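> This is the structure, below, for whatever I ask next.
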Amino acid sequence: MNNLNFYIPIRYRLFFWLLLFTALCARAQDITTTGTVSARGGGESLPGVSVTNLASKQTVSTDVNGKYAIKAKSGTVLSFSYVGFVTQEQSVKGATLNVLLDAKANDLNEIVVVGY
């Protein structure tokens, strides 16, 4: 039976570990995710939508054109919430994430007006 032990020079071992470490560090970096939040149906952009990175708890708001920018790792979940709309959670898959929010159905059956 042949002896399969062989010598690997230390410089090749160091190069392998350096390459592996670099690849792991590059994978863990945050990317800036941008996009636009609009209403489903009408398509108008929604200013003031709260965009929250659920992993880091960082929150930003959309500008007057419905655009936002937030740092997040790939696979992180972002939460989009706005008054009168259903809160939506989306997973980050790239640098751009456009979201359409659905309007909440009104659960109001009665209105009581009190005058003094």
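The values are calculated or read from the model by the stated rules, or taken from the named source; none is laboratory data. All values derive from a computational prediction rather than experimental measurement. Every residue, glycine among them, receives a Cβ derived from its backbone with ideal geometry; neighbour counts consider all protein chains shown. Accessible surface is based on the protein model in full, side chains and every heavy atom, while ligands, DNA and RNA are left aside. Shrake-Rupley method; radii C 1.70, N 1.55, O 1.52, S 1.80 Å.
> Do the sum for the chain: with -39,500 (n - 2.57) for every DSSP H run of n ≥ 4, divided by all residues, what is the mean residue ellipticity at 222 nm, to the nearest 500 deg cm²/dmol?
-5500 deg cm²/dmol
> With θ set to phi - 60° and the Karplus curve 6.51 cos²θ - 1.76 cosθ + 1.60, what are the ³J(HN,Hα) couplings of segment 74-81 in order, to the nearest whole Hz, using x for Gly and Pro?
After applying 6.51 cos²θ - 1.76 cosθ + 1.60, I find 4, x, 5, 9, 10, 10, 10, 9 Hz.
> Whole-Hz Karplus ³J(HN,Hα) for segment 33-50, in order, using 6.51 cos²θ - 1.76 cosθ + 1.60 and θ = phi - 60°, x for Gly and Pro?
Residue by residue, segment 33-50 yields 8, 10, x, 10, 10, 10, 7, 6, x, x, x, 6, 6, 10, x, x, 6, 7 Hz.
> While we're looking at this one, here's another question. Quick one: what does P(r) look like for segment 14-88 with 5 Å bins over all Cα pairs, in whole %?
Calculated over all Cα pairs of segment 14-88, the distribution is 3, 15, 21, 19, 12, 9, 6, 6, 4, 3, 1, 0 percent.
> Contour minus end-to-end for Ser50 and Tyr12, with contour as 0.36 nm per residue of separation and end-to-end as the Cα-Cα distance?
Extending this stretch completely gives an extra 8.7 nm.
> Which one, Ser74, Val113, Phe21, is farthest towards the positive end of the dipole of the chain when Lys and Arg carry +1 and Asp and Glu -1 on their Cβ?
Result: Phe21.
> So how strong a dipole does the chain carry about its Cα centre when Lys and Arg Cβ are +1 and Asp and Glu Cβ are -1, to the nearest 20 debye?
So the dipole magnitude of the chain works out to roughly 840 debye.
> Right, something else. Within segment 38-71, name every residue whose backbone N is under 12 Å away from a label modeled 7 Å from Cα of Asp102 along the Cβ vector.
Within reach of a label on Asp102: 40-41.
> For the chain, what relative contact order do you get, as a whole percent, if you take Cα pairs closer than 8 Å and at least 6 residues apart?
24 percent
> May I pose another question? Tell me the angle of helix 10-27 to the major Cα principal axis of the chain, expressed in degrees between 0 and 90 and rounded to the nearest ten.
0 degrees
> Tell me which residues come under 5 Å, amide H to amide H, from Gln58 once H is placed; ignore anything under 5 positions away on its chain.
The answer is Asn53.
> Calculate how many DSSP beta bridges within the chain are antiparallel, expressed in % of all such bridges and rounded to the nearest 5.
Around 85 percent of the beta bridges assigned by DSSP in the chain are antiparallel ones.
> What part of the accessible area of the chain, given as a whole %, is carbon or sulfur when the probe is 1.4 angstrom?
59 percent
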